[in-house]
Amino acid sequence: MAENEKNSGKSGEYSEEHGKSGGNGGHERSAVSVIGLGQMGTRLAQAFIAAGYATTVWNRTAAKADALVAQGAVRADTARAAVTASPLVVVCLPDYATVRDLLGPVADSLRGRVLVNLTSGTPEDATRAAEWAAGHGADYLDGAAMSGTRLVGRREALFVLSGSPRGFAEHRAVLTSLGTAVHLGPGPELAAVYDTALFGLAWGALAGFYHAVALVGAAGVDPTAFAAVATGHMPFVTSLMADHARRIEDGRFPNDDGTVEVHAAAMEHLVHTSRAHGLATDVPDLFRSLLERAAADGHGADGIAGVIGTITKGERHV
Ligand SMILES: NC(=O)c1ccc[n+]([C@@H]2O[C@H](COP(=O)([O-])OP(=O)(O)OC[C@H]3O[C@@H](n4cnc5c(N)ncnc54)[C@H](OP(=O)(O)O)[C@@H]3O)[C@@H](O)[C@H]2O)c1
């Protein structure tokens with residue numbers, strides 16, 4: 001990072017007028033601009049400031065920028081002023097329609113900049129936004145914050161990004177101040193695909209956890225006591241992923257982690273015990289259904305990664 005991009009530590013105001021009279025043609029006095037200072041946008045701006053990057057901020061409700069200005073951010077008076085303040089523009093708004101409504105009128109000012117959109121949306125939203133940005137001469141990166149707000153600014157916070165490789169390479173250091181910033185490839189839709197896939201993965205694990213907490217709770221175990229044991233067990237579970245991914249790629253399912261039939265029988269015990277404690281069985285019913293369908297499709301003697309076929313409906317996607 002160039003020294004002159006660093007925050008002076010002084011708070012200030014940055015108006016469109018200031019920008020226009022800046023005399024450097026591009027008006028750039030800032031490394032990064034953040035547009036949308038909700039829960040997530042505020043944390044993004046804080047992380048940039050903490051990493052020492054000169055940060056310009058804009059929010060519809062201007063008062064939400066006050067605390068950031070006190071921390072060293074520069075307030076833009078308008079969305080246009082925020083865009084023109086920096087070569088890197090990060091937006092974080094409720095949805096893509098809002099992004100379009102907000103940036104549409106100032107699209108001409110995006111030319112030559114890198115737009116990073118950390119608004120949640122679908123792969124189609126991302127593709128359309130990338131085309132729109134390209135039409136206005138901007139490099140576009142779509143992205144998703146995968147780790148909530150609390151970890152932002154720490155290595156444990158995962159940000160997935162896809163789209164312009166040049167835009168990512170140019171601003172990698174700034175984006176890395178948000179956490180672990182992973183560029184998935186040039187397709188702008190990839191970040192949204194990973195976002196939804198990882199969301200489902202997290203929910204799968206959490207749904208299993210919530211059911212487990214209910215089950216041990218019915219036997220008088222504290223959730224926190226259980227969580228400590230469960231956390232120690234998770235490295236085994238995650239250790240299976242790379243291995244099973246390879247098996248799915250190869251289309252071969254050795255049964256050294258137990259067969260589909262053995263796991264189906266064990267799942268029956270989970271369903272039975274849950275029912276015996278008066279619990280809902282939706283979660284283990286889902287697992288059992290995957291295993292039973294895999295067995296019915298002729299994969300009973302395969303390893304458990306063989307359930308992939310029940311989800312892809314028999315198609316090989318890889
Ligand atoms: N919060 C999380 O944990 C989290 C995690 C991952 C991803 N995300 C994603 O991050 C995005 C933002 O979420 P958030 O939690 O930060 O939302 P939020 O706290 O509700 O903030 C929404 C922001 O959008 C602004 N906004 C809303 N409508 C607007 C409009 N018509 N014109 C201009 N600005 C408008 C709001 O401005 P005002 O202040 O003026 O209302 C506010 O700055 C979402 O796509 C969300 O899915 C959030």
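Normalising by the residue count of the range 3-186, find the relative contact order in percent from Cα pairs under 8 Å and 6+ residues apart.
20 percent
How big is the dipole moment of the range 222-311 about its Cα centre under a simple scheme where the beta carbon of each Lys and Arg is +1, that of each Asp and Glu is -1, and everything else is neutral? Debye, nearest 20, please. Each step should come with its number before you reach the end.
On the way: 6 positive and 13 negative charges, 16 e Å.
Value, rounded to 20: 80 debye.
Given R₀ = 41 Å, FRET efficiency for Val262-Ala50 by Cβ-Cβ distance, to 0.05?
Working: r = 50 Å, r/R0 = 1.23.
Efficiency for this residue pair is about 0.25.
Could you give the dipole magnitude of the range 3-186 about its Cα centre, charging the beta-carbon of Lys and Arg +1 and that of Asp and Glu -1, in debye to the nearest 20? Mind dumping the intermediate values first?
On the way: 18 positive and 18 negative charges, 84 e Å.
Once rounded to the nearest 20, the dipole reads 400 debye.
Restricting to Cα pairs below 8 Å that are 6+ residues apart, what does the relative contact order work out to for the range 222-311? Please round to a whole percent.
About 36 percent, as a whole number.
Compute the angle between helix 223-250 and the longest alpha-carbon principal axis of the chain, please, reported from 0 to 90 degrees and rounded to the nearest 10.
90 degrees
As a test, work out the antiparallel percent of DSSP beta bridges whose residues both lie in the chain, rounded to the nearest 5.
Working: 7 of 32 bridges.
Around 20 percent antiparallel, to the nearest 5.
Compute the acute angle (0 to 90°) between the alpha-carbon long axis of helix 123-135 and the principal axis of greatest extent of the alpha-carbon atoms of the chain; round to the nearest 10°.
On a 0 to 90 degree scale, this one is about 20.
Can you give the FRET efficiency to the nearest 0.05 for Ala214 and Gln39, using r as the Cβ-Cβ distance and R₀ = 25 Å?
With R0 = 25 Å, the Cβ-Cβ based efficiency is 0.30.
Only Cα pairs under 8 Å and at least 6 apart count here; give the relative contact order of the chain as a rounded whole percent.
Here the relative contact order equals 12 percent.
Quick check on the chain: helices-only [θ] at 222 nm, where DSSP H runs of length 4 and up contribute -39,500 (n - 2.57) each and the sum goes over total residues. Nearest 500, please. List each step's numbers first, then the result.
Values: 12 runs with 154 residues, N = 318.
About -15500 deg cm²/dmol.
Can you give the log10 of the normalised intensity I(q)/I(0) at q = 0.11, 0.17, 0.19 Å⁻¹, computed with Debye over equal Cα scatterers of the range 222-311?
The calculated log intensity ratios at q = 0.11, 0.17, 0.19 Å⁻¹ are -0.37, -0.83, -0.97.
Counting just the Cα atoms, what span does the chain cover along each of its three principal axes? Round to the nearest Å and put the largest first.
74, 44, 33
Extension gain Leu206-Thr149, at 0.36 nm per residue separation less the Cα-Cα distance, in nm?
Separation in residues times 0.36 nm, less the Cα-Cα distance, equals 18.7 nm.
So if each residue of separation counts as 0.36 nm, and I subtract the Cα-Cα distance between Asp243 and Arg60, what length gain in nm does that give?
61.1 nm
Given a Förster distance of 35 angstrom, what is the FRET efficiency for Arg252 paired with Ala197, based on the Cβ-Cβ distance and rounded to 0.05?
Taking R0 as 35 Å, the efficiency between Arg252 and Ala197 is 0.95.
Just so you know, all these numbers are worked out from the coordinates, no wet-lab data involved. Everything quoted here is computed from the prediction, not taken from an experiment. Backbone-built Cβ (ideal geometry, glycine too); neighbour counts: all protein chains shown.
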